[in-house]
Every structure is written in C-alpha cells, then in structure tokens.
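To start, the structure itself, in structure tokens.
The values are calculated or read from the model by the stated rules, or taken from the named source; none is laboratory data. Fair warning: this is a prediction, and the values are worked out from it, not measured in the lab. When we count neighbours, we look across all protein chains shown, and the Cβ atoms used for this are built from the backbone with ideal geometry, even at glycine. Please note that ligands, DNA and RNA were not included when accessible areas were found on the heavy atoms of the full protein model with its side chains. Shrake-Rupley method; radii C 1.70, N 1.55, O 1.52, S 1.80 Å.
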Amino acid sequence: MDDRTREYLEGRFGDYYRRASPVLPPDANLREWGHIPWTRGSGTTMVRHQSLFDLGDVDTFFADNAPRHAYFSAARYDDPGASTMSKKGWRSADLVFDLDADHLPGVDPEATSYPEMLAECKDALWRLLDFLENDFAFDDCTVVFSGGRGYHVHVRDESVRDLDSEARREIVDYVRAIDLDTEGLIRTVSERGTTKRVLRTEGGWGARVHEALVEYADDLRDMDAEAA
C-alpha cells in the first residue's frame, strides 16, 4: 500500500471513529485487546497484550489512533495486559463459532459469486442458531459479520465459560453430526405384541431426523408416481 492510500484510509477511519462509539463486549476489562495500526510500507504490525486500562477511554483511543483492525479476546483473564499468555491467568472464555462461506461443503470460491457465497453462509448461520437455541438452550448469542465471507457467533452463557477445549470440540462435533451415535437415536417399543424400532422424537438429532423424514415423505406425496 503506498503512502497516499494509507494516509487517505487512515483519515477516513478516523472520521468514522470520531462519529461512532464502539460497543464493548461483556467484561471488557478482563479481555486482552489488540490492534493493527497504519504502519508505513507493505508489512503489518500487531500491537498485542493490552488491557482496557492500557487503551484508556475507548472512544478517545479509537478516534485518535483510527486502527486498521482492532480485536478483543474471547477469553477473560486475571491480568489481560500481561506480556505472555502464561502470565495472564485464564479465567473463562466465550464459545465462538466462525462460519466462512469458502469453507462450506459444496461452495467453490472460484465458481461462486460473493452474494451467492454469503447467501450460503447465511443459511448455515440459521441452521447453527437453530442448534444453539433448540438443542442447547443457549440464550446469550451475539452474531457479527466477520468482514469477509461469513459470520461469527459468540455464545456467552455462563454455562459455557468454563468448558475446556475438549468439551467445546464435543459441541462442534454434535452440531456437525461427527461420530453421531445413530443407534442411540432409536428406541425399541412393544405395541400389541409387536416389537418395533422407532426414532426418539423428544429432541436432539432424533427429532431432527424425524422431521426431515416427514418432510421428505411429504415431498414424495406431492410428486407424480413416476418421479416419486
């Protein structure tokens, strides 16, 4: 990026931040903050290991510095401004889902337009939110545009804050149906002397499979016999 472009963009970012007031995440003082300034030349510099105390008044900091990018951690720390991760003292963390259109199955970034990719990502976002609301009963979910080809979903329910990485992976695996126990979706019942296997429809994947099968059957009924 040449100097004239950099100076122009830095000025426009400054104009924006002087009008806007960034919305802070919950427990902002417990999170690590970082930003990328408008450095000269082709490289970028990440300024990390800052706390809200280091930034001072947030509105003033953004208006005066107009950073190119700004970040806050998903985790909460005892000392977020400590110079190394080992010294910060991990307390808890949000559960964050990162949806990128170019990583979705069936989406070819080379052959799919940007609006089409974003539409596919929105569909995936709605499906994810359906899982989070109906299967996990999470209440505190914040959706933000990633600035590129997708969305970030921040789950901040107290029930997820202390989960370790393995527990978080299990939630992701459940949503993606990885290693899904298909036999566990079925129960055996006896009716009038006949034993049969039926889907569990109380909730979870059993209810989801049942709903999909019913919808599929309805679609078949709407077709003519040969197409069905």
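Once you keep just the Cα pairs under 8 angstrom separated by 6 or more residues, what percentage relative contact order results for region 104-194? Walk me through the numbers on the way to the answer.
Numbers: 42 pairs, mean separation 16.9, N = 91.
19 percent.
At 7 Å along Cα-to-Cβ for each site, give me the label-to-label distance between Val96 and Arg4 in nm.
Simple spin-label model gives 3.7 nm for this pair.
Aspartates and glutamates within cross-link reach of Lys87: Cα-Cα under 18 Å, excluding same-chain residues under 8 positions apart?
Glu32, Asp54, Asp78, Asp79
Please calculate how many Å² of accessible area region 142-220 carries per residue, with a 1.4 Å probe and no DNA, RNA or ligand atoms counted. Working shown, then result.
On the way: 5370 Å² over 79 residues.
For region 142-220, the per-residue accessible area is 68 Å².
At a threshold of 8 angstrom on Cα-Cα distance, excluding pairs fewer than six apart, so keeping six or more, what relative contact order does the chain reach in percent?
13
Pick out the long, greasy-scoring helices in the chain: whole DSSP H runs spanning 20 Å or more along their own axis by Cα, mean Kyte-Doolittle at least -0.5.
114-134
Hey, got a sec? Which GluC sites (Glu not before Pro) in region 1-101 land in a DSSP loop and have at most 11 other Cβ atoms within 10 Å?
none
With a ≥ b ≥ c the root eigenvalues of the C-alpha gyration tensor of region 1-85, is it rounded (a/c under 1.5), prolate (a/b larger than b/c) or oblate? Spell out each step's value before the answer.
Working: a/c = 2.91, a/b = 1.55, b/c = 1.87.
Here region 1-85 falls in the oblate category.
Roll a 1.4 Å probe over the protein chains and send me the accessible area per residue for region 18-90 in Å².
57
How far is the Cα center of region 204-226 from the Cα center of region 9-61, in Å?
First find each Cα centre; the distance between them is then 50 Å.
Would you work out which of Thr60, Val172, Ala212 lies farthest towards the positive end of the dipole of the chain, given +1 charges on the beta-carbon of Lys and Arg and -1 on that of Asp and Glu, about the Cα centre?
Thr60
Accessible area of Lys196, 1.4 Å probe, to the nearest 10 Å²?
Roughly 90 Å² of Lys196 is accessible to a 1.4 Å probe.
For the peptides 18-27, 63-72, what is the packing order when you average, over each peptide's residues, the other Cβ atoms within 10 Å and list the highest mean first? Each step should come with its number before you reach the end.
On the way: 18-27: 12.1, 63-72: 16.8.
Answer by packing, highest mean first, reads 63-72, 18-27.
Once semi-axes √(5λ) of the Cα gyration tensor in Å is worked out from the coordinates, which option in [x] 27, 20, 16; [y] 33, 19, 15; [z] 45, 25, 14 does it equal?
Only one listed value fits the structure, namely [z].
Could you give the dipole magnitude of region 171-228 about its Cα centre, charging the beta-carbon of Lys and Arg +1 and that of Asp and Glu -1, in debye to the nearest 20?
420
Label points 7 Å out from Cα along the Cβ direction at Arg161 and Met46: separation in nm?
2.6
Taking the Cα centre of region 116-226 as origin, sum charge times position over the Cβ atoms of Lys and Arg (+1) and Asp and Glu (-1), and report the length of that vector in debye to the nearest 20. Numbers along the way, then the final one.
Working: 15 positive and 27 negative charges, 48 e Å.
About 240 debye.
So how much accessible area does Met85 have, in Å² to the nearest 10, using a 1.4 Å probe?
Using a 1.4 Å probe on the heavy atoms, I get roughly 90 Å².
Between Leu129 and Asp78, what FRET efficiency follows from the Cβ-Cβ distance if R0 is 30 Å, with the result rounded to 0.05?
0.40
What percentage of the solvent-accessible surface of the chain, computed with a 1.4 Å probe over protein heavy atoms, is contributed by carbon and sulfur atoms?
Solvent-exposed carbon and sulfur of the chain make up 49 percent of the total.
Only Lys, Arg, Asp and Glu count, each charged at its Cβ (+1, +1, -1, -1), so figure out the dipole size of the chain about its Cα centre, rounded to 20 debye.
The calculated dipole for the chain is roughly 740 debye.
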